[in-house]
Amino acid sequence: MITTSHAILNAAILGRKEKPTHHLAVILGSILPDFPMFLYFGFYLLHHSHIRVAPGYLEEYHFRQLWVDWGHSIPLALAGTLICFLLKFQNGIYFSLGMFLHSLEDLPVHSEYAHRHFLPFSNFRYYSPISYSDVHHHANIVAPLEWLAVVISIAVIWRRGLTPTAQVILLFVGIGQGLFLVYTFGGIHW
């Protein structure tokens with residue numbers, strides 16, 4: 001799924017109007033598993049090459065092995081939830097649950113970039129028959145359904161009463177994802 005989809009879906013699932021302080025923890029936990037990919041991409045854009053390590057390069061595959069898959073570990077997210085629960089650290093619970101839901105949401109839609117969701121207990125990767133980004137694995141159906149889930153989640157969050165800034169951000173993300181889908185899968189290129 002697109003990273004912003006995780007944040008919006010999880011805010012709709014875990015967020016509560018009476019506990020708005022937990023929204024940031026949910027959103028950060030929902031984004032963190034993908035954060036290393038943004039760092040790698042930023043480095044690649046700045047330096048126009050892969051990250052150099054002796055004696056060669058740290059290719060995207062190796063970077064994902066080291067950082068991204070650990071961020072998508074369901075056992076680690078559940079352990080974080082349990083530890084935060086025992087310590088009565090509410091924001092930590094919501095942060096860890098955001099990471100947990102992120103991994104669950106990725107499982108059924110990653111056909112080409114499957115994560116090792118069960119680290120450290122297993123290196124198993126589930127290669128789904130469907131994808132959110134690969135048209136050879138039905139992304140032309142999956143991606144619009146993801147966007148529909150985002151639009152519904154925005155409506156749910158909106159009803160909880162948001163600041164004008166939060167409303168603008170949600171509209172920007174919702175419209176942006178919709179335009180991205182039209183551009184990518186609709187054949188309309190401007």
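The values are calculated or read from the model by the stated rules, or taken from the named source; none is laboratory data. Predicted model only: the values in this text are computed from it and were never measured. Ideal geometry is used to build each Cβ from the backbone, glycine not excepted, and the neighbour counts take in all protein chains shown.
Structure values in brief
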read-out: Pick from region 83-123, criterion in a helix (DSSP H, G or I) and among the small types (Gly, Ala, Ser), ranking: surrounded by the most Cβ atoms within 10 Å (Cβ to Cβ); value: Gly98
read-out: Hey, Gly80 part of a helix (DSSP H, G or I), buried (at least 19 other Cβ atoms within 10 Å of the Cβ) and modelled with pLDDT of 90 or more or not; value: yes
read-out: Residue within region 124-135 that is assigned to a helix (DSSP H, G or I) and more than 18 Å from the chain's Cα centre (by Cα) present; value: yes
read-out: One residue from Thr163, Thr184 being under 19 Å from Asp34 (Cβ atoms) and modelled with pLDDT under 85; value: Thr184
read-out: Region 125-170: number of residues that are within 16 Å of Glu112 (Cβ to Cβ) and small (Gly, Ala, Ser); value: 5
read-out: In region 119-140, the residues that are polar (S, T, N, Q) and under 21 Å from Pro33 (Cβ atoms); value: Ser122, Asn123, Ser128, Ser131, Ser133
read-out: Among (1) touching a helix residue (DSSP H, G or I) at 6+ places or on another chain (Cβ under 6 Å); (2) modelled with pLDDT under 90; (3) not hydrophobic (A, V, I, L, M, F, W, C) - the single one His117 does not satisfy; value: (2)
